[in-house]
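The values are calculated or read from the model by the stated rules, or taken from the named source; none is laboratory data. Owing to the predicted nature of the structure, the values given are computational and were not obtained by experimental measurement. Every residue, glycine among them, receives a Cβ derived from its backbone with ideal geometry; neighbour counts consider all protein chains shown. Remember, those area values only see protein heavy atoms, side chains included, never the ligands or the DNA or RNA. Shrake-Rupley method; radii C 1.70, N 1.55, O 1.52, S 1.80 Å.
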Amino acid sequence: YSASAAFEIFTPLVVGNPTPTAPIGGVVIATRQATLVAANATIEGPAASVAHKFEVSTDPGFGGIVASMTVPAGDVATSATTGDLAWNTPHYWRSRAIAQGKEGTVTGPWSDAATFRTPPQPVSLGAPTLLSPISGALAPTNPPLFTVANGLVIGPAGPVRLFFHVGTDPAVDSVVTVFEASMSAGGTTAVTSPLLPADSSLYWRVFAGDGTTVSPWTASQSFRTPANPEPPPLAPSGPAPTPGCCPPPNRLEIVLLVAEETGYPESGISVFDFTQAVAERLHDEDSNWGRRINGNGNIGKDTIGYRVDGSDDNPYKVDIVAGASGSSPQPHWAEEGQIGGTWIAP
């Protein structure tokens, strides 16, 4: 008799390991979400489908997985994107291929681990909220006590200061005084201003800054000063201060006048040139005013100096621009004392 038999040749699946291509080498990625790309693993034998699994960990031994994704394999390479990862942290990732064949699921070996780092968390400063005096209320004293609710601070900000402007118009363009204070650790900050014009309707607004980042301005609020301000306390008895000693007279009005004349900061004039113009104007009225050279030999870009007792060493420093390195610099007057450096004529 004759017999025939049909034989099917079975080829087992052999699954290789992928090759990480990006991000690798500890590179700092642009956002806290990482897009991982691996060159596909080699597949020998017939596969009905192939997927790639990605794992991310902050542990080089992958003891704790912070992200895990399984996606269909691409034509040549496969990519997957994580959710939000921890800021400013080294991460490790790997990938493996998973194929479906006649024998079922065949999982390949893990790839070599690759590394990347998430970026530092960006700093964001929220605008404070004006609490008092507001809505045209009569301030009980002059100088008044100004109180704000601190704005939200996100990220590794430096020491945050609050910058107060008081003016005669709702936009606070016609400024009568500028002052500042460190933001309190609690939920609110209260600051007493310089003496203000008596029996006057005034407006105020505030922004926050840490020397690099600034918050938006608050909306302005109105208030009124009392008709009979409390007189300033009498100066203690004793010898008169030495001529030329410090602090020097507050010349905020000159800073604001030069800002109006030059259009700073909206005109685009540099903070260095603006400070030079202020120094020259002050030097014309008092030859003790000038520029201050920092300890490293650079002229402070937003600082002027006042020569003490005729000496060029250790002048009295005054900062005249708040947030000079940020996106919203503002002319102001902040006396910082004798903190070293050298005085030069402007």
task = With a point put 7 Å past each Cα toward its Cβ, work out how far Ser68 is from Glu285 in nm, to one decimal.
result = 7.1
query = With contacts defined as alpha carbon pairs under 8 Å and 6 or more residues apart, what's the relative contact order of the stretch 260-332 in percent?
reply = 21
inquiry  = List the residues, sorted by chain then number, that are 5 or more residues from Gly74 or on another chain and whose placed amide H is less than 5 Å from its amide H.
reply    = Ser79
query = Shape of the stretch 252-346 from its Cα gyration tensor (a ≥ b ≥ c, root eigenvalues): rounded if a/c is under 1.5, otherwise prolate when a/b > b/c, or oblate?
reply = prolate
ask   = What list of ³J(HN,Hα) values in whole Hz, one per residue of the stretch 211-221 in order, does the Karplus curve 6.51 cos²θ - 1.76 cosθ + 1.60 (θ = phi - 60°) give from phi, with Gly and Pro shown as x?
value = x, 10, 10, 10, 8, x, 5, 6, 5, 7, 10
inquiry  = If you scale each eigenvalue of the Cα gyration tensor by 5 and take the root, what three semi-axes come out for the chain, rounded to whole angstrom and sorted largest first?
reply    = 68, 24, 16
query = Can you give the accessible area of Trp110 in Å² (nearest 10), computed on protein heavy atoms with a 1.4 Å probe?
reply = 60
query = Rounded, prolate or oblate: which fits the stretch 106-232 when a ≥ b ≥ c are the square roots of the eigenvalues of the alpha-carbon gyration tensor, with rounded for a/c under 1.5 and prolate only if a/b beats b/c?
reply = prolate
note = Among Ser132, Ser325, Ser200, the residue with the largest mean-square fluctuation in a Gaussian network model of the chain built from Cα contacts under 10 Å is Ser200
message = Could you derive backbone 3J(HN,Hα) for the stretch 252-260 from the dihedral phi with the Karplus parameters 6.51, -1.76 and 1.60 (θ = phi - 60°), listing whole Hz in sequence and x where the residue is Gly or Pro?
response = 4, 4, 5, 4, 5, 5, 5, 4, 5
inquiry  = Please report the accessible area of Thr342 (heavy atoms, 1.4 Å probe, ligands and nucleic acids excluded) in Å², nearest 10.
reply    = 50
query = Quick one: how many Å² of Met69 are accessible to a 1.4 Å probe, rounded to 10?
reply = 30
query = Using Cα pairs under 8 angstrom and six or more residues apart, how large is the relative contact order of the chain, in percent?
reply = 12
key: the stretch 96-168 shape via C-alpha gyration tensor axes, a/c threshold 1.5   = prolate
Rounded percent of accessible protein surface that carbon and sulfur make up, the chain, 1.4 Å probe = 53
remark   = For Leu152, Leu85, Leu145, the accessible-area ranking with a 1.4 Å probe, largest leading, is Leu152, Leu145, Leu85
request  = With springs only between Cα atoms under 10 Å apart, run a GNM on the chain and tell me which of Pro122, Pro216, Pro72 wobbles the most.
outcome  = Pro72
request  = For every other residue with a beta carbon closer than 13 angstrom to the beta carbon of Leu125, add +1 if it is Lys or Arg and -1 if Asp or Glu, then tell me the sum.
outcome  = 0
key: Heavy-atom accessible area per residue - the stretch 89-236, 1.4 Å, Å²   = 47
key: Cross-link reach list, lysines versus Lys102, counting only Cα pairs under 27 Å and skipping chain neighbours closer than eight places   = Lys53
query = In what order, largest first, do Val106, Val278 sit by accessible area if the probe radius is 1.4 Å?
reply = Val106, Val278
request  = Determine ³J(HN,Hα), in whole Hz, for all residues of the stretch 295-307 in sequence, where each value follows from phi through the Karplus function 6.51 cos²θ - 1.76 cosθ + 1.60 and θ = phi - 60°; x replaces Gly and Pro.
outcome  = x, 8, x, 8, 6, x, 5, 10, 10, 10, x, 10, 5
task = Give the accessible surface of the stretch 238-346 per residue, rounded to a whole number of Å², with probe radius 1.4 Å and ligands, DNA and RNA excluded.
result = 47
Under-5 Å amide H pairs with Gln33, H placed in peptide plane, nonlocal only = Leu85
task = Return a whole-number percent for the relative contact order of the stretch 19-148, with Cα pairs under 8 Å and 6 or more residues apart as the contact set.
result = 28
